[in-house]
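Enquirer: Quick one: the structure is below, and I'll ask about it shortly.
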Amino acid sequence: MKDKIGKLLEEVKAFNADSIDQIEAFRIKYLSKKGIITTLFADFKTVAPADRKEIGQLMNGLKNAIQDKIITLKESLESVAESQDKPDLTLPSSSPLGTRHPLSIVRNDIIDIFSRIGFTVSEGPEIEDDFHNFSALNFPADHPARDMQDTFFIEKDPDIALRTHTSSVQVRVMQNTEPPIRTISPGRVFRNEAISARAHCIFHQVEGLYVDTDVSFADLKQTLYYFAKELFGEKTETRFRPSYFPFTEPSAEMDISCNICGGKGCNICKYTGWVEILGCGMVDPNVLELCGIDSKKYTGFAFGMGIERITMLKYQINDLRLFFENDIRFLDQFKSTI
Ligand code: DAH
């Protein structure tokens, strides 16, 4: 009897299973009504009384070993199944790779072009006060841009609004930095406009600012000429038209030769051969003074452009709303290296 139990114990220990059916067959073999353990316990009657204690303990040990074995085998099968359910994060993705948003591509291009000639990137808050968005930029108190129809005010406080342009960042930079200053400020701006193919209430601008001794309009022209050629190609021509902004004097708007028809005339350039891409000018001495910069010692130029407009020209996109709809068929068409 002792030997028999010993052999059975070894058999049990050596048993292994790789399916739940095998474990069930094992259980039936040993623990069912007609199983080995039942027969063994029935034979117990024949054991001599002196051996009963020892044999009894061995039999209980065997029964426990069988039950433990069943539990361990089940647990290990479950954990294998679980690990097969978990995704393997090291596998390459089967879904298509994401692409950068066209506005991000163009913003990065612009940053790259200006950083090559020493411009840093600066940022400012999207919620601004009247001083930084308007007053410091020489906007008269009754300027229409301050109107409720253009500006989103925060909780009816006429002093706090969503910035209407990134020119507010040049004020902050000038307040906090000793010239020379050479910086661009990309960011989101907000205007209370009806949404259409040509206008949106949220869009993006890049502001540029250069303040130092002896900065001239020639520096402004040359910098923007370089920029236009870098972004739209070597053959690009530029022209400056006089314009007006409260914060620059003199002010201009810059056109580039139409990048679609090369200047011959098409419906994008309305058959003029030119398309407007930005506003610019020499920083008004009043603005320098309001920002704490000595206008007798320093001069500067500034410029501002809409990223949506530039992106539409560069990629021939004819509806501004496409930028905000996140349609994968649209976004998928843009690939970039930066
Ligand atoms: N802030 C102007 C706008 O939102 C753009 C602009 C024009 C910025 C001329 C400038 C500038 O810095 O010199 O329309």
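The values are calculated or read from the model by the stated rules, or taken from the named source; none is laboratory data. The structure presented is a predicted model; accordingly, all values stated were derived computationally and were not measured. Neighbour counts run over all protein chains shown; Cβ positions are idealised from the backbone, glycine included. Only protein heavy atoms, including side chains, enter the accessible area calculation; ligands, DNA and RNA are left aside. Shrake-Rupley method; radii C 1.70, N 1.55, O 1.52, S 1.80 Å.
Enquirer: Scan the range 152-176 residue by residue and report those that are away from the ligand (no atom under 16 Å from the Cβ) and open to solvent by less than 70 Å² (accessible area, probe 1.4 Å).
Expert: Correct list: F153, I154, D157, I160.
Enquirer: Can you run down the residue pairs with Cβ atoms below 8 Å, 6 or more apart or on separate chains, where the first is in the range 84-102 and of a type outside the set (K, R) and the partner is not in a loop (DSSP other than H, G, I, E, B)?
Expert: From the range 84-102, the pairs are T99/L331; H101/F323; H101/L331; P102/T311; P102/Y315; P102/F323; P102/L331.
Enquirer: Mind checking which residues of the range 100-121 are assigned to a loop (DSSP other than H, G, I, E, B), open to solvent by less than 60 Å² (accessible area, probe 1.4 Å) and under 17 Å from I307 (Cβ atoms)?
Expert: H101, F119 - these are the residues of the range 100-121 that are assigned to a loop (DSSP other than H, G, I, E, B), open to solvent by less than 60 Å² (accessible area, probe 1.4 Å) and under 17 Å from I307 (Cβ atoms).
Enquirer: Let me ask another. F139 versus (1) within 22 Å of I293 (Cβ to Cβ); (2) more than 12 Å from the ligand (Cβ to nearest atom): which is the lone unmet condition?
Expert: So the condition that F139 fails would be (2).
Enquirer: Select from the range 177-216 the residues that are more than 15 Å from the ligand (Cβ to nearest atom) and in contact with a strand residue (DSSP E or B) (Cβ under 6 Å, 6 or more places away or on another chain) and list them in ascending order.
Expert: If the condition is that a residue be more than 15 Å from the ligand (Cβ to nearest atom) and in contact with a strand residue (DSSP E or B) (Cβ under 6 Å, 6 or more places away or on another chain), then P179, P180 are the ones that fit.
Enquirer: State whether one or more residues within the range 266-274 are basic (K, R) and under 27 Å from F153 (Cβ atoms). Don't jump to the end; show me each part of the working.
Expert: Of all residues in the range 266-274, those basic (K, R) come to 270.
Filter again for under 27 Å from F153 (Cβ atoms), leaving none.
No, that holds for no residue.
Enquirer: Okay, next question. Select, from S196, S216, the only residue that is at pLDDT below 95 and not aliphatic (A, V, I, L, M). Show your work before the answer.
Expert: Values: S216 fails: at pLDDT below 95.
When all the criteria are applied, what remains is S196.
Enquirer: Out of K29, K69, I need the residue that is assigned to a helix (DSSP H, G or I) and open to solvent by 80 Å² or more (accessible area, probe 1.4 Å). Which one? Please lay out each step first, then the result.
Expert: Working: K69 fails: open to solvent by 80 Å² or more (accessible area, probe 1.4 Å).
Only one candidate passes the filter, namely K29.
Enquirer: Just one of D43, D21 is out of contact with any Cys (no Cβ under 7 Å at 6 or more places or on another chain) and exposed (fewer than 11 other Cβ atoms within 10 Å of the Cβ); which is it?
Expert: Working: D43 fails: exposed (fewer than 11 other Cβ atoms within 10 Å of the Cβ).
D21 is the lone residue from the list that is out of contact with any Cys (no Cβ under 7 Å at 6 or more places or on another chain) and exposed (fewer than 11 other Cβ atoms within 10 Å of the Cβ).
Enquirer: In addition: With respect to G187, is the statement that it is in a loop (DSSP other than H, G, I, E, B) and either within 18 Å of S295 (Cα to Cα) or assigned by TED's automatic domain parsing to the domain that holds N138 (or both) true? Full working, then the answer.
Expert: On the way: in a loop (DSSP other than H, G, I, E, B): no; either within 18 Å of S295 (Cα to Cα) or assigned by TED's automatic domain parsing to the domain that holds N138 (or both): yes.
Criteria not met by G187.
Enquirer: So which pairs qualify, if the first residue must be in the range 36-59 and within 13 Å of K2 (Cβ to Cβ), the second must be in a helix (DSSP H, G or I) and among the basic types (K, R), the Cβ gap must be under 6 Å, and the two must be at least 6 apart or on different chains?
Expert: So the pair list comes out empty.
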